[in-house]
Amino acid sequence: MDASTTLTASFALSLADAAKWAFTTRRVDHAAVHGLSVAFDTARTGDLVLGRVERIGSHKNIQLVCGRPSALYPGDAVVLACGARYAADQFEGVAEIDPDGADMLAGGGVLGRLREKNGRMAAPTRIIPLGLLTGADGRALNLDRFALPRALRPRGLPVIGLIGAGMNSGKTDAAASLAHGLMRAGLRVAAIKGTGTGAFGDVNAYADAGAHVTLDFTDAGMASTYREPLPRVVAGLDTLLAEAAARDCDVAVVEIADGVLQRETAALLADPTARSAFDGFLYACPDALSAVGGVAALAPHGVRPQALTGLISRAPLALTEAEAATGLRVISREALRDPAAAMAVLRAATAPLAAAA
Amino acid sequence: MTLIRPEGRPAESAAAEPCAIAWRAPTGREGLGCWIVQPKTPRPGATPLLAIHGINRGADGLAGAFAAQAAAEGRTVIAPLFAEENWRGYQRLVAPRRADLALMALLEDLRLSGVIGAGRVDLFGYSGGAQCAHRFAMLHPQQVRRLSACAAGWWTFPDAAAFPYGHGGAADGWGARMAAALPEFLRLDIAVSVGGDDDRPDPAMRSAPAIDAQQGRSRLERARRWTGALIAAAATRGLPAPKVSFTVLPGAGHDFTACARAGLVGLTLGRFA
């Protein structure tokens, strides 16, 4: 090891120690950091990137590991995970690190290269990458090294899926409300974000609702599930469900990100193995037409939601139209928080299991 | 033991027994106060008994009646008070107010304060309390291990009659929710009882041609028919025969003390030990 490498490693360790570590890195053992690599062309999704904030853009805060947002300032040292993002209301980007400047694709701590953005969005916050954090073996540290051990899907754990028409259709609110209702009914509840982009908003919402165990795909080693192979996404979901079962949960509520037409979500719902993880689904949507469209899009996969929920439940006229057009009833978040209603959702989903027991 | 009335004044004393009885004041307007019987020597893992009074609101009487035997078994007894000014109609469970949520909140408070452990409770109700108790168990069977319901004036049957008489009505209504929970409910141990002399129509009972035709005209007949309806419901659905018993308490009319003397305490606690 020559002097310059020693200096770089020493600098990296000091800077990393002082940096703002993003939510996506929450499972990382900082003691595993031994150095820095500038081989950005080798970066893959999940690799830990140390960088400095060059310019504040759309994301003015970074979500910290401790669960609070931290205002960003130019010059801040940050540690994020290299990753892709799919967010129709925000950014679409890929897991590539440009040495001249990378894009903060998500406040939860995803760094990559912007490809598309919603017209309402400002440019992403720009990060100058200083290097990939490396371990004692000199290889880039990746989230998957710190993930829960892979595990097979547990048997006998009821799972209710929350799917939706798209981003901001009310899925998280519905998932948290259902978790709350089931908790009040006396069950030990796991609330899981099965797919999406790493961010603490969802797991915080689940925790606030009283879920006993909260998990997301970052616990399975993924900064984002966008552009991840389906088998890896399904294996991650199975691992999270196994963790819920191992922690004695009676039921799991699993939110699937984005809309049913989004690539990974559509693939997951189309895949019989993935679909078989779920006993039932609630479908969140903002209006009647998205209710009709979603139900139609799900039908070829043999999925018929138990009920509609989400933003539509706040719009009485749209609710009436949707119920008439789909034959499905709409359940509000207030109803889902009621233990009797939440248990009715669970029982409707697991009725075939109960009959067979 | 010593009974402390809600206002904090000792009401009666009895020979020293291995338990303490205390009044726990309600928390907030929505909360329920309750009598708590705690054994001096709790048995680890023993299931607590939640005992619900009738419309005479004799919660202290229930606590006292179960105290000695429950304490001997190392079990805690909780006897909530549905105060009349706030809880008229509590026996209907979900209307006009949510008695079920109040009971669940009370149990959660008691768990958090260490009075009872996690897990299910055994549930008892007498008269109006039996109405409340059986409806609670039908709606929330996951909260209940065993149900003992004595001398309900009328019941919610597992049939198509509109709720609260049956499980019919709106697709997302209370009846439908109870219908969804019925397989779980029918897996509980259920003890139905009634005084042997409680066999005539009572002006205090709800009576009309439809309910009389569905349930009968006396508490004894209604309890018998409800027991039979549970067994039939299980058979119709291809479920295992429910563990439901029907007991006529000899020499007792519609009187909790007489029913207790005729074996109700043993029926409720003894078979659940």
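Derivation of every value follows stated rules applied to the coordinates shown; laboratory data play no part. The shown structure was predicted, so the numbers you read here are calculated from the model rather than taken from an experiment. Please note: Cβ atoms are built from the backbone with ideal geometry, for glycine as well, and neighbour counts cover all protein chains shown.
Annotations for the structure displayed:
- Out-of-range pairs (alpha-carbon distance over 21 Å; input A:Lys20/A:Lys60; A:Lys117/A:Lys193; A:Lys20/A:Lys171): A:Lys117/A:Lys193; A:Lys20/A:Lys171
- P(r) weight above 23 Å for the stretch A:159-356, C-alpha pairs, percent: 36
- Nearest 10 degrees, 0 to 90: helix B:99-112 Cα axis against chain B principal axis: 40
- Exposure proxy ranking, count of Cβ atoms within 10 Å, fewest first, for B:Leu32, A:Leu308, B:Leu110: B:Leu110, B:Leu32, A:Leu308
- P(r) histogram, all alpha-carbon pairs of the stretch A:66-225 included - 10 Å bins from 0, percent: 10, 33, 35, 18, 5, 0
- P(r) for the stretch A:3-146, from all Cα pairs and a bin width of 10 Å, is 13, 47, 32, 7, 1 %, short bins first.
- The residues neighbouring A:Thr239, those whose beta-carbon lies less than 9 Å from its own, together hold a net charge of -1 under the Lys/Arg +1, Asp/Glu -1 convention.
- Proximal charge balance of A:Asp41 [Cβ under 14 Å; K/R count +1, D/E count -1]: -2
- Here the convex hull built on the C-alpha positions of chain B has a volume of 124 cubic angstrom per residue.
- Taking label positions 7 Å along the Cα-Cβ direction at both B:Arg88 and A:Asn118, the computed distance is 5.2 nm, reported to one decimal.
- Span-rule helices in chain A, defined as complete DSSP H runs reaching 18 Å or more along the axis (Cα) with Kyte mean at least 1.0: A:230-246, A:339-356
- The fewest-to-most ranking of B:Ile190, B:Ile55 by surrounding Cβ atoms within 10 Å reads B:Ile55, B:Ile190.
- Stokes-Einstein D (µm²/s) once Rh is taken as the Kirkwood radius of the protein assembly as shown over alpha-carbon pairs, at 37 °C in 0.692 mPa s: 121
- Residues A:Glu321, B:Glu84 arranged by fewest to most Cβ contacts within 10 Å: B:Glu84, A:Glu321
- Net charge of neighbours whose Cβ lies under 15 Å from the Cβ of B:Ala252, counting Lys and Arg as +1 and Asp and Glu as -1: -2
- Protection proxy ranking, highest mean first, for peptides B:119-125, B:145-151, A:345-351: B:145-151, B:119-125, A:345-351, where packing is the per-residue count of other beta-carbon atoms within 10 Å, averaged.
- Loop trypsin sites (Lys or Arg not before Pro), the stretch A:149-185 (other Cβ atoms within 10 Å of the site Cβ: 15 or fewer; DSSP): A:Arg150, A:Arg155
- Convex hull volume of the C-alpha atoms in chain A, normalised per residue: 129 Å³.
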